Amino acid sequence: MSVLLSAGQLLAAGGPVTLLDVRWALGDPHGREHYLAGHLPGAVYVDLETELAGPPSAAEGRHPLPSLQRLQGAARRWGVRADVPVVAYDASGGLAAARA
């Protein structure tokens, strides 16, 4: 299986999958609105600012990695399970999806 798939390939593959919609772009705070306007069926919105990053600080920067506990809690809310593949996507060439 390739690491990168088109939406058509993903939907054609069938089977269980956890879809994470990680729409984020610097200067565009409307990721959730973009998600609500249209997303892959069954996808869960993931907010990079609040779920994939810890609180910003001078020492750790604008988007430090979240604590393991915060990330695990968020992943459970998204429906991530050990036996189900996870696919993360975005609308910015994979930058935000790669963070997930």
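The values are calculated or read from the model by the stated rules, or taken from the named source; none is laboratory data. Note that this is a predicted model, so its numbers are computed, not measured. Quick reminder, even Gly has a Cβ in these numbers, built from the backbone with ideal geometry, and neighbours come from all protein chains shown.
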| When the stretch 77-100 is examined, which residues are found to be part of a helix (DSSP H, G or I) and either at pLDDT 95 or above or not charged (D, E, K, R) (or both)? | R77, W78, L95, A96, A97, A98
| field | Flag if A74 is assigned to a helix (DSSP H, G or I), touching a residue at least 40 places away in the same chain (Cβ under 8 Å), surrounded by 13 or more Cβ atoms within 10 Å (Cβ to Cβ) and of a type in the set (G, A, S) | value | no
| If we scan the stretch 30-37, do we find a residue that is surrounded by 12 or more Cβ atoms within 10 Å (Cβ to Cβ) and under 20 Å from S6 (Cβ atoms)? | yes
| Y89 versus (1) among the hydroxyl-bearing types (S, T, Y); (2) free of Cβ contacts under 8 Å to residues at least 60 places away in the same chain; (3) surrounded by 15 or more Cβ atoms within 10 Å (Cβ to Cβ): which is the lone unmet condition? | (2)
| Do the conditions hold for L48, that is, is it surrounded by 12 or more Cβ atoms within 10 Å (Cβ to Cβ) and free of Cβ contacts under 8 Å to residues at least 60 places away in the same chain? | yes
| message | When the residues of the stretch 23-47 are narrowed to those that are part of a strand (DSSP E or B) and out of contact with any helix residue (DSSP H, G or I) (no Cβ under 6 Å at 6 or more places or on another chain), which ends up farthest from A98 (Cα to Cα)? | response | D28
| task | Select from the stretch 48-71 the residues that are in contact with a helix residue (DSSP H, G or I) (Cβ under 6 Å, 6 or more places away or on another chain) and part of a loop (DSSP other than H, G, I, E, B) and list them in ascending order. | result | L52
| Subset of the stretch 60-93 (residues that are in contact with a strand residue (DSSP E or B) (Cβ under 9 Å, 6 or more places away or on another chain) and of a type in the set (A, V, I, L, M)) | A75, V80, V84, V86, V87, A88, A91
| remark: Selection from the stretch 1-29 of residues at pLDDT 95 or above and exposed (fewer than 10 other Cβ atoms within 10 Å of the Cβ) yields none
